[in-house]
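Here's the structure, in structure tokens; my notes come after.
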Amino acid sequence: MNHPLFAPGFKASPWWWEAAEPPKRANSPPDRAQVAIIGGGYAGLSAALTLCRLGHKPVVIDAERIGWGASSRNGGMVSGGLKIASEGLEKRYGVERGRAIVTTGAASMPFLEELIAREGIDCDYARVGRFVGAWTPKHYAAMEKRADYLKRITGMPTRMVPRERQRAEVLGSDRYHGGMAVDAAGGLHPGKYARGLAAAAERAGALLVDETRVTGIAHEGSGFRIATTRGEIRADAVLTATNGYSRGPDGSSAMPWLAKRMIPVGSYIIATEELEPGLIDKLFPGRRMVGDSKRVLNYFRPAPDGKRVLWGGRASFGPTTPEVAAPVLHGFMTAVFPELAKVKLTHAWTGNVAFTFDFLPHIGVQDGIHFAAGCQGSGVAMASWLGHNAALKIAGAANEPFALDGLPFPTAPGYSGNPWFLPLVGGWYRFRDAIDRMAA
Ligand SMILES: Cc1cc2nc3c(=O)[nH]c(=O)nc-3n(C[C@H](O)[C@H](O)[C@H](O)COP(=O)(O)OP(=O)(O)OC[C@H]3O[C@@H](n4cnc5c(N)ncnc54)[C@H](O)[C@@H]3O)c2cc1C
């Protein structure tokens, strides 16, 4: 498909893959494994690395290539906050557990930074900070409350930037009513991080097997028999880390119980062509990662090399292609940065994030099978952290309780993992965003 906004050679694949496309591995599935990990994204790979460090021998199995899922397609924006980190969690789970959940969310960020440094992962990580633009003055006021709460509970340094200072300090646009700046946040190259994490797990002794779909998990003796498209694997323990891909293209799932609790949502990103020198620093003073407070949010950033803009959002709530989504995202982008109206696009792509019915990530055990999933679209740090904590649990090496472990994990009556309701909910959210803005 051609479009006047597409640059010559436009590709419907992640721009990240130009430097770090998930490689094909030659490994075959083993007959036996101590721990079998299903899903080779950040969660599965981080779990594998931790298990190796604890003396275990895991195998990571992915239906596609290792790192092929959200982990090599995301925006690479790193922060330690949970989507719903607020006093509401204290109401829902009690003060102690509610605060522990917020604190553990914040702890994912230093965990990631230490992991990258310790394993020497070359992934363009930079602690540039983050800015969340307020869509309305009401959102600004709510953010102010939330920032105070986060500071009080986690010590996370946050500050509010009013609209008058926005352009000079954080964002070259007047589109938002000010917003919240978080300095303990950063950006990385997600493809390079996935590749580096996989290499670290392999160096530590994990076996990584790709292009092998798990089709069923059965109990056998004290362990498990795992059916795959390339034969059976016996394992003492199993971890499912399939997140937004828990339901396969044919509706099947390695762990149907988990698929019933995941709401896969397609997120779309475009990459612009290289911009004229100096423009990025005008649009992104300080080169922060940026998101906004809309229900149907935008997230955007300069590429790590500072030459182009990467712009993400929910261009569609129904099935569509990156080619169709790209002009829609371009429109969202030029509403914030009108100076990019004539800038063409070199890449557009999509990937699945996983929402849950309680908007929280989870680890736990169901029918003896461990799981780690549900990052609500913010999983660079969190999925790595969940995988690590699931591994500690499998190895019996956790020194303290993990607040996201063993929480009630809701589903909805009749829901099997196919989010047929998304176009309706998405339409309603867009309408609410528009109404909020008109009333602002
Ligand atoms: C477009 C996009 C933008 C995003 N932007 C950001 C961002 O800026 N910042 C942020 O923090 N987060 C972001 N996220 C979210 C983040 O990427 C994810 O939360 C994170 O990568 C999840 O990692 P994971 O290991 O849990 O899952 P994934 O990386 O999705 O891996 C799951 C894997 O499971 C495999 N699998 C599924 N079923 C089977 C089976 N039956 N057998 C074998 N393998 C199977 C899949 O092939 C897949 O590779 C974004 C996500 C997307 C899609």
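The values are calculated or read from the model by the stated rules, or taken from the named source; none is laboratory data. This one's a predicted model, so the numbers in the text were calculated from it and none came from an experiment. In this analysis, Cβ positions are derived from the backbone assuming ideal geometry, glycine residues included, and neighbour counts consider all displayed protein chains. We work out accessible area using only protein heavy atoms, side chains counted, and drop any ligands, DNA or RNA first. Shrake-Rupley method; radii C 1.70, N 1.55, O 1.52, S 1.80 Å.
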Do we find that residue 418 is within 16 Å of the ligand (Cβ to nearest atom), open to solvent by less than 30 Å² (accessible area, probe 1.4 Å) and polar (S, T, N, Q) in this structure?
no
Select, from 242, 215, the only residue that is polar (S, T, N, Q) and surrounded by fewer than 24 Cβ atoms within 10 Å (Cβ to Cβ).
215
Of the residues in region 331-342, those that are open to solvent by less than 20 Å² (accessible area, probe 1.4 Å) and either outside any helix (DSSP H, G or I) or within 16 Å of the ligand (Cβ to nearest atom) (or both) number 2
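Residues checked against (1) under 19 Å from the mean Cα position of the chain (by Cα); (2) among the acidic types (Asp, Glu); (3) at pLDDT below 90; (4) crowded, with 20+ Cβ neighbours inside 10 Å:
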{"residue": "362", "(1), (2), (3), (4)": "yes, no, no, yes"}
{"residue": "368", "(1), (2), (3), (4)": "no, no, no, no"}
{"residue": "381", "(1), (2), (3), (4)": "yes, no, no, yes"}
{"residue": "384", "(1), (2), (3), (4)": "yes, no, no, yes"}
{"residue": "395", "(1), (2), (3), (4)": "no, no, no, no"}
{"residue": "401", "(1), (2), (3), (4)": "no, no, no, no"}
{"residue": "406", "(1), (2), (3), (4)": "no, no, no, no"}
{"residue": "410", "(1), (2), (3), (4)": "no, no, no, no"}
{"residue": "438", "(1), (2), (3), (4)": "no, no, yes, no"}
Restrict the check to region 378-392 and report whether at least one residue is farther than 27 Å from residue 125 by Cβ and within 11 Å of the ligand (Cβ to nearest atom).
no
Taking region 103-126 and keeping residues over 25 Å from residue 305 (Cβ atoms) and either in contact with a helix residue (DSSP H, G or I) (Cβ under 8 Å, 6 or more places away or on another chain) or buried (at least 17 other Cβ atoms within 10 Å of the Cβ) (or both) leaves 103, 104, 105, 106, 107, 108, 111
Does residue 424 satisfy the condition of being of a type in the set (A, V, I, L, M), assigned to a loop (DSSP other than H, G, I, E, B) and either open to solvent by 80 Å² or more (accessible area, probe 1.4 Å) or in contact with a Lys or Arg (Cβ under 9 Å, 6 or more places away or on another chain) (or both)?
no
